[in-house]
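The values are calculated or read from the model by the stated rules, or taken from the named source; none is laboratory data. Everything quoted here is computed from the prediction, not taken from an experiment. Here the Cβ positions follow ideal geometry from the backbone for every residue, glycine too, while neighbour counts run over all protein chains shown.
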Amino acid sequence: MTEKKYGILDKVETPEDLRKLPEKELKGLCTELREYMVDCCSKNPGHLGSSLGAVEIITALHYVFDTPKDKIVFDVGHQAYAHKILTGRKEQFRRMRTEGGISGFPLRKESPYDAFGAGHSSTSISAALGLAEAARLSGSGEKVVAVIGDGALTGGLAWEGLNNTGAALADLLIILNDNNISIDEASGGLHNYLLKITTDPTYNKMKSRIWNALGEGRIREWVQKKVTDAKSNLVRGSGGAIFEALGFRYFGPIDGNDIDQVTDTLKKLKDLKGPRILHCITTKGKGYAPAEKDPVTWHAPGRFDPATGERVKSNYPAARYQDVFGEVLVELAKMDPKVVGITPAMASGCGMTALEQAMPERFFDVGIEEEHAVTFSAGLAAGGMKPFCNIYSSFSQRAYDSIIHDVALQGLPVTLCFDRAGLVGEDGATHHGCFDLAAYRSIPGTVIAAPRNELELKNLMFTALQNSGGPFIIRYPRGCGEGVEWKDAPFAALQPGRGERLRKGSRVAVLALGPCACRAVEAAEKCLAETGLEPSVYDMRYLKPLDTSILEEAASCKAILTVEDGALKGGLFGAVSEYFSGRPGSPLIKGAGIPDRFIANAPQSAQRAECGIDTDGILELLLQMIKS
């Protein structure tokens, strides 16, 4: 099939080519960028909606600024697809997020245009401030721009960055890409007039002279307050007042999907000095009708027909863990009026929309604020509630101190459900839930559980209701379960610190956590067929407290193999090795898990094979251990 030709986009491989275009062609280029993104993402899924909305902002930034000398720092990266395409990765974009392909997020080692890597939220301002201060200290003359969305701006790290930037009077431009049209929608001639005045070079030169002449002191403070108050009243209520209060010059809001307006404004702001913020109103999914109509679904829509917008339906072989969690949480909330659900802006992704719809008064979406989500949950627990706080495993890393200081240290009964634990597939290294087992095992008073299937997730959530104090962590993978019947099964408590023997054998004992136990059973069956020797297989179920009775039983075997979908260092392998450390006549202990390196984007199956925690990888280790 012949690939579609693009009149303007085909002439642009790098920003240098972009800057050669006449300005009148930029609008057409933006249209073609959207068409190219839709075409590529329809076959190779990604985060589409946010990137469609940011096309004009990115095009204008590369047109006005001298990238890669000048630095653009993106927040999260969901909005950066046009950036990838315009910076020498147009053909590679077709294989983005695939095995061996480019990342779906900005990645420093991938391109000199990726000034700072991102995959998690709210990092852009702090990182851009560091780049700006480095440029000042080195005298390089580089200009730095941070691009952050209104959602990411809710994160505490973003406000820490804003506070420091304003106080430091750093030379940094922040683009606020606001795609929530219910907030500060720009309109009216007065707004356009004020924008024209505040970006005018003559006005700003005059303002700087007056400002310097006033000097430090109460007069300047009084003038600044009056100017801020006036602008707050005139420019759509208090739209920019909070930024002005933090020490920023606030401009906007402007139409961030009007390439002429964005380009013209950036030209005027480019050579201004100090902390400044440009507020752009954009439409998520801009230019593609299905995405504009349903921006939530089209954030990451999967495969679809680009002509009709009809999405290719996914036929799941079993229930997804996130859906099991959502339905069970509603069941538990019906059983116990003290059960509440908390999520940091991941309600649909973690399945908590079920509780939102059934009992909205007991559902809390706190925004992209993982630390707050945990401490808020601790407060709910201190008030007598039974909070279930669901956070993606990789994002839970941000709440590490809150889990220790606000939950564990105070012995508060908070259930922490870590979705997307282990290897997550195409999102790659920034999103793997690799480190939770090792990270949280050292925290006193913490229970860490890993269900091997859907029914165990249901029962572990029920068990967590009996928790008398401290964090009760339940971690489970992205995607489908094992096809085990769970809906009609009665609840059953699973005693903390008690695992289960799945197969009785000899010579080698396999100790596994979570769904890895299912792969271990499959490997043991193949091992028996090939060698006539059957290993014992245990589902440990709990990393903490550890079932020492299983360890003692396993010690009768010649060797022990631990299997986990977490970092090999410090997790189950570490716990078992520590238990037997220094004991005379201890069995040989080997581990299968995620090695001490970051795993790149690829399908989950390929990643598990790479790490040796799929059935074939476990079988290979078993055969080696039997022969040794």
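A few points about this structure:
- Residue tally, condition in contact (Cβ under 8 Å) with a residue 40 or more places away in the chain, closer than 15 Å to C417 by Cα and not in a loop (DSSP other than H, G, I, E, B), over the range 461-488: 10
- Test: S506 is small (G, A, S), outside the structural domain of G384 (by TED's automatic domain parsing) and out of contact with any Phe, Trp or Tyr (no Cβ under 7 Å at 6 or more places or on another chain): yes
- Some residue of the range 536-550 being of a type in the set (A, V, I, L, M), touching a Ser or Thr at 6+ places or on another chain (Cβ under 8 Å) and either modelled with pLDDT of 95 or more or within 28 Å of L588 (Cα to Cα) (or both): no
- Scanning the range 527-546 for residues being surrounded by fewer than 23 Cβ atoms within 10 Å (Cβ to Cβ) and either aromatic (F, W, Y) or in a loop (DSSP other than H, G, I, E, B) (or both) gives a total of 6.
- Where helices (runs of 4 or more DSSP H) fall entirely within the range 1-101, those with at least 2 residues that are touching a Pro at 6+ places or on another chain (Cβ under 9 Å) and farther than 26 Å from I174 by Cα are at 26-43.
- Residue match in the range 91-110 (condition: in contact with a helix residue (DSSP H, G or I) (Cβ under 9 Å, 6 or more places away or on another chain), farther than 24 Å from Q604 by Cα and not assigned by TED's automatic domain parsing to the domain that holds I599): no
- Of the residues making up the range 426-444, those that are among the small types (G, A, S), surrounded by 21 or more Cβ atoms within 10 Å (Cβ to Cβ) and either outside any strand (DSSP E or B) or not assigned by TED's automatic domain parsing to the domain that holds G383 (or both) are G428, A438.
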